[in-house]
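So the structure is just underneath, and the comments pick up after that.
Read-outs: derived from the displayed coordinates by stated rules, not from any lab. Computed from a prediction, not measured in an experiment: that's the story for all the values here. So basically every Cβ, Gly included, is an ideal-geometry build from the backbone, and we count neighbours across all protein chains shown.
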Amino acid sequence: MYNLLNWILWLPVIGMIGICFIQKEKKDMIRYAALLTTFLTFGLTILLYLNFDNSVGGIQKSFSVTVPWIPQFNIYYRLGIDGISLPMTLLTGLLFFLCILSSWTVEKSVKAFFALLLMLESAVFGVFFALDFFLFYVYWEVMLLPMFFLIGVWGGENKEYAAVKFFLYTFFGSLLMLVGIIALYYAAGKGDNAFNILALSGGRWSDLSISLFGTEWAFDKLFFWLMFIGFAIKVPVFPFHTWLPHAHVQAPTAVSVILAGVLLKMGTYGFLRIAYPIFPQASVYYADFVALLGLINVLYGAFCAMAQTDVKRLIAYSSISHMGFVMMGLSAMTPQGMNGAVLQMFNHGTSTAMMFLLVGILYERSHHRWIIRPDGSKGFGGIASHLPKFTLIFIIGMFASLGLPGLSGFISEALIFLGIFEKYTAFTVMAALGLLIGAAYLLWMYKRMFFGEVNPDIKGYKDMNKREIFYMLPLCVAVIFFGIFPAPLLNIMKASVGQLVTLLDR
Amino acid sequence: MEYTIFTILPIFLLPFLAFVLGSFIVKRSEKLAMAISTVSIFVSFLFSAKIFSDFIFSQFSKDYYIHKYFNWFDLSSQGLEFSVDLGIYIDNMAAVMLLMVTGVATLIHVFSIWYMADDKKYGKFFVYLSLFTSAMIGLVLSDNLLSLFIFWEIMGFCSYSLIGFYHEKEKAGEASLKAFMTTRVGDVIFLLGIVAIWGVIGTVNYVDIYSAIANGVFEGKMVLGISLATFAGFCIFAGTVGKSAQFPLQVWLPDAMMGPTPCSALIHAATMVAAGVYLSLRMYPLMELGGITPFIACVGGLTAFGAATIALVQTDLKAVLAYSTISQLGYMVLGVGVGAYNAAFMHLITHAIFKACLFLSAGSVIHSLHDHQTHDHVQEMPRMGGLKTKLPLTFLAMMACTLAISGVPLFSGFVSKDRILGDALYMAMTNKVYWVAYLLGALGAGLTAFYMFRMMFLTFFGAPRDEDVYKHCHKESLKWNRNVPLLLLSIFTLGIFFSGSPSGQGIVKFGGEKYEWFKVLMVKPIPKNFTTYSKEKLSTQDNRDKILWPKSSYESHDYGLNEEDEHRLHTAHIISAIASVVIASIGILIAFLMYIRQSFSSERIISRAAKFYKILVNKYYMDHFYIKIVIRRGLLKFNRLLANFDLGIYDRYAIDGWEHISRYCYRIADFFDRYAVDKIGVDGFGFVIKDVLNKGLRFLLAGKVQFYFIVLFLVLAFYMFRISTA
């Protein structure tokens, strides 16, 4: 069964099973096993990239897999990849590899921790590869399980609360999605392709209506909203965002990185793969509203971030703000906006992962994350004088995150702005305020933590060690490289995105 | 001479590679990083000089430009076309700018070798300097607003890093944050302007924008109820306001003096802040089309005058220079506003030279003075005085620059500033709005002369006011890396290099057109010349015939005016020149009387106008307004409120509140279960059944939220599909 997608999908599971057989005292062996697995997986994603045909839009035939799974209900094991999922795949492969390295210092039930991380990786790949709606849903749910335990067991002081909250929120969303899936299954006549995402796409549902509670509802508009809420919780879009600050703050570093770097993108990926192609008319119809929610995300996240005194929570809110740009780009329905949105998904993945990893590195030394302690004193101060290497990498990550031209965040934000300007001029002007505040909270945080006299508390901290530098370097290279040469990434996605845009344009 | 990528790109790439290389080796050898940085910028200067001489002196002077592009990325697919090209565009203006940037940068690098020698982190300083210089060169070479913006922001980053260079000082952190955020306000609006043009006309190439203007593409296009040209022009001008520290975003520049002095000279005086003006000049046709030039002129005039008044009361040597920079930038913007295209650009160049020199001289002074209690350098003018004999060469250079900036005839500042004021006066004669701009500008010129000479007198003349500091100042001898840059720069403060008419106004004239090279070669871009035009791909080979396009045509009349207006213009220039000389002399005279003759003391004036003095010392309370009121009381309060609402109210009640609701449901169910079912119904059936049912129900209703969701939605789904399939 020589198929790259299968290998990428199942290799982490093989690794996980392997780890289960290692004695739990052999911590280093477990770590190396996990590292090897993720490294190989990352290698395979690179191989996937090398074999990928940029010129073709849509799902690439050469990688597709279709195997019957539960034939009674026409459920298939269908995998495939296109230009939208490939960047996410690369990002996932890279981030998991780096996260294993960053989790080297985890000492609490090492075996379970790495096994769960690998399980999570497989589930994430599953979401990005699945082309069968049922399979998609299964992976979407499977992903919750390791997340729940990773936050609930290895998290911070308030971990149970955060884990349950994360679980319930996401579960609520996925149930709405499930209703949608079942509805589509029935609407498609329960036939051979009733769970096939590709077959369901294309806007077949706009004429259908459904009577519910005595009134007639447009089928596509109703179910667009169910899907929308399901994915919006994951992004998270404004009224459904409050799980994020809790989950991020409580989660261990690696999980925060995965959460912000990959899992949030699954929400927007859901729009691109499912909500938009299946209900294009409804997506266009509600685009204004989605753009408005995106704008609220941008501003709300930025304003809230400005008031935070906990570094991790600040970055969590900045994620909300940055994902708002993605939402705005998605609602543009222009090649610039859509490509910008997908690019922003990737770029936010790298830059925010950097920020979380750096905060994690700092946390390992300080065991607190206060910019300003509740009593008003500084939590840090003078880091720039004391930890030069850390400072340098922090500057790169921070400026990538605030969208400095020349680093990766800028070009995606500029494309999104360009994409939405004509359609939502007023929104664009207001979103520009988000760019401004975005710089303000990060630099203000930087000023309070890094400038000034060296705080006596931080005198004992050691600068980054070789392992830490090693796992930060790929991300530094990525944010700089894709800031200067966005073309390699854009070339992957443009054909597939173009196809989606033409579908929405019709 | 043909231009290929091998002759143009090194100008940009050499400093950039020096930055890359330097950032890797700076830990091993600071000296090597420094050497690489300095040598690379010098070689880059040689390349620029070649281009400059080709453009200005040689055969193709007037109508030659180089324009090449490459594709950055391309999003075209499915018939939707969109690609982004970046490129190089060199015309006369860019050629002069290149020479100025690389030249001044080279001298500042050389000076920094002396200035930073004692600093522990001097290698790092040079690395930043290299990045900055390459970004500035990139900005000048850019052929479009997008890459200009990219380099613009990278310069902002360098400025941020260099202001915060001494990061152990709390104040440096504040200053760098303030600088970045204040300019960012302008930059974000600028980005909107770029996006507006890009979105509507599909390109942000300068030349494409000119041709779009000529072809009437902008006509009838509206953005948010105002015309596109006005919107875009305003947004782009906002970029200038931020970067060039114009009112109301001027507050960052004085604080930016926290950085090392050579970086103040390069970034915050000669190049980066002038980039804002350069942008306005590049986009001049758009500003004109949008009809915002009177606005620009007034902003410029206000800044020129307002900053000059604040400079009157500063006691810090660098602060005086910082305010004078803001004020001079105001003149350039004023020049843009009144359409004095070549005069504004000339002032940009002359100012870059004399202000860089002033800052370096100030650095030379400051570096020589020590306070032995605090081990810090002395920057306060009240502690200086009488340094003329100790630092003769610095004095010489600084005096030349002071004469230039004050507008003394024969010096460069006079030529350029008075051309701007002359044009402003001419515009005022035709349109009353410009009177504001002219009068503010003219008064500001008098103030400039006064505060600059005040600075000179306080620093170099009279008796030393702090004996201890004076005693420890070593006598200066000629040093290649300290004084040579100063003296070289001060030579170029002579007006003769820029104009055949040392008085500037054509009252006295040498030679003909040839000596008026600046006026002849820097001409406003005329959009109609760009209507037919094609780009050339960047390659290693070039065909010169193909890239010879008419750039602009110089008319023998300055502005293509008729004879009557020409006469009026000439008159305006003469009047304004005479007025300026008189005003400047009054300013110098007052300074002389106050600080040398001490005919009347400054203290008495201060005590007489105490209120006014207080306003000036507090910089018109603008910092106070921004920081205390807008940010602390407004923004931060609002943010805290929102954050508390988010987690304290919304999350706690609207989200976690569901938990309580489900608890109540559980209690009701439990009550029902216990009394209705259990006691009445079940007890009747006996013990076994009761236990089973009770436990079962309790399990089901144990307040598990997810379970409710499942039930709720399964039921919902079930009903829906029964209905839909029916």
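Work out the FRET efficiency for A:T215 and B:I5 from their Cβ-Cβ distance, taking R0 = 51 Å, and round it to the nearest 0.05.
Details: r = 67 Å, r/R0 = 1.32.
For R0 = 51 Å, the calculated efficiency reads 0.15.
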For this session: Apply 1/(1 + (r/R0)^6) to the Cβ-Cβ distance of B:I526 and B:V582, taking R0 = 30 Å, and write down the FRET efficiency to the nearest 0.05.
Result: 0.25
For this session: Please go through segment A:162-226 and write out the chymotrypsin sites (Phe, Trp or Tyr not before Pro) that DSSP classes as loop and that have at most 14 other C-beta atoms within 10 Å.
Result: A:F213
Seminar exercise, completed: In degrees, nearest 10, the alpha-carbon axis of helix B:563-592 is tilted away from the dominant principal axis of the alpha carbons of chain B by 90 degrees
Exercise. In nanometres, what is the gap between the two model label sites at B:L488 and B:L46, each 7 Å from Cα along Cα-to-Cβ?
Worked result: 1.3 nm
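Do any of A:K26/A:K111; A:K466/B:K27; B:K124/B:K178; A:K159/A:K459; B:K120/B:K471 go past 19 Å between their Cα atoms, and which? Walk me through the intermediate numbers first.
Details: A:K26/A:K111 9 Å; A:K466/B:K27 16 Å; B:K124/B:K178 22 Å; A:K159/A:K459 30 Å; B:K120/B:K471 26 Å.
From A:K26/A:K111; A:K466/B:K27; B:K124/B:K178; A:K159/A:K459; B:K120/B:K471, over 19 Å: B:K124/B:K178; A:K159/A:K459; B:K120/B:K471.
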Seminar exercise, completed: Tilt, helix B:92-115 to longest principal axis of chain B (alpha-carbon atoms), in degrees rounded to tens, equals 90 degrees
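How would you classify segment A:1-76 from its alpha-carbon gyration tensor, with a ≥ b ≥ c the square roots of the eigenvalues: rounded for a/c under 1.5, else prolate if a/b is greater than b/c, otherwise oblate?
Working: a/c = 4.51, a/b = 1.54, b/c = 2.93.
Here segment A:1-76 falls in the oblate category.
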Exercise. Average partner chain C-beta neighbours within 10 Å, per residue of B:67-79?
Worked result: 6
Seminar exercise, completed: Ranked on Cβ counts within 10 Å of their own Cβ, fewest leading, B:T531, A:T268, B:T309 go B:T531, B:T309, A:T268
Exercise. Taking only Cα atoms, what is the 0 to 90° angle, nearest 10, from helix A:85-102's long axis to the longest principal axis of chain A?
Worked result: 30 degrees
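I'd like the antiparallel share, as a percent to the nearest 5, of DSSP beta bridges with both residues in the protein assembly as shown. Before the final figure, lay out the partial values.
Numbers: 30 of 33 bridges.
Of the beta bridges lying entirely in the protein assembly as shown, close to 90 percent run antiparallel.
Give me the inter-chain shielding for B:145-157: mean count of other chain Cβ atoms within 10 Å, whole number please. Could the numbers behind the result be given before it?
Details: counts 0, 4, 1, 0, 3, 8, 2, 1, 7, 5, 0, 3, 6.
What the average comes to for B:145-157 is 3.
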Problem set entry | Residues of type aspartates and glutamates that A:K61 reaches as a straight line, Cα spacing below 17 Å, ignoring anything fewer than 8 places off in the same chain | A:D53, A:D82, A:D132
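Which trypsin sites (Lys or Arg not before Pro) in segment A:380-475 pass both tests, a DSSP loop state and at most 11 other beta-carbon atoms within 10 Å?
Numbers: sites: A:K389, A:K423, A:K447, A:R448, A:K459, A:K462, A:K466, A:R467; in loops: A:K423, A:K462.
Passing both the DSSP loop test and the Cβ count: A:K462.
Could you work out the helix-only [θ] at 222 nm for the protein assembly as shown, with each DSSP H run of four or more residues adding -39,500 (n - 2.57) and the total divided by the number of residues, to the nearest 500 deg cm²/dmol?
Numbers: 50 runs with 793 residues, N = 1232.
It comes out at -21500 deg cm²/dmol, rounded to the nearest 500.
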Problem set entry | chain B - charge dipole about Cα centre, Lys and Arg +1 at Cβ, Asp and Glu -1, debye rounded to 20 | 1680 debye
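For B:L146, A:L292, A:L48, what's the fewest-to-most ordering of other Cβ within 10 Å of each Cβ?
Values: B:L146 23, A:L292 17, A:L48 20.
By the 10 Å Cβ count, ascending, the order reads A:L292, A:L48, B:L146.
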Problem set entry | Cα-projected label distance for B:K388 with B:E563, points at 7 Å along beta-carbon direction, nm | 5.3 nm
Exercise. If you take the charge dipole of segment A:113-195 about its Cα centre, with +1 on Lys and Arg Cβ and -1 on Asp and Glu Cβ, which of A:A115, A:V127, A:L168 is farthest toward its positive end?
Worked result: A:L168
Exercise. Placing +1 at every Lys and Arg Cβ and -1 at every Asp and Glu Cβ, with all other atoms neutral, what dipole size does chain A have around its Cα centre, in debye to the nearest 20?
Worked result: 920 debye
Exercise. Farthest toward the dipole's positive end in the protein assembly as shown, which of B:Q598, B:N618, B:A297, given Cβ charges of +1 (Lys, Arg) and -1 (Asp, Glu) about the Cα centre?
Worked result: B:Q598
For this session: Please sort by residue number the GluC sites (Glu not before Pro) in segment B:79-170 whose DSSP state is loop and whose Cβ has at most 15 other Cβ atoms within 10 Å.
Result: B:E81, B:E168
Exercise. For B:K619, which aspartates and glutamates qualify as cross-link partners when the Cα separation must be under 15 Å and same-chain residues fewer than eight apart are set aside?
Worked result: B:D255, B:D316
Problem set entry | Whole-percent pair-distance distribution, where bins are 20 Å wide, for the alpha carbons of the protein assembly as shown | 11, 37, 32, 15, 4, 1, 0
Exercise. Which whole number gives the average, over all residues in B:634-646, of C-beta atoms from other chains lying within 10 Å of the residue C-beta?
Worked result: 5
Exercise. Quick one: Cα centre-to-centre distance for segment A:330-401 and segment A:453-496, in angstrom?
Worked result: 10 Å
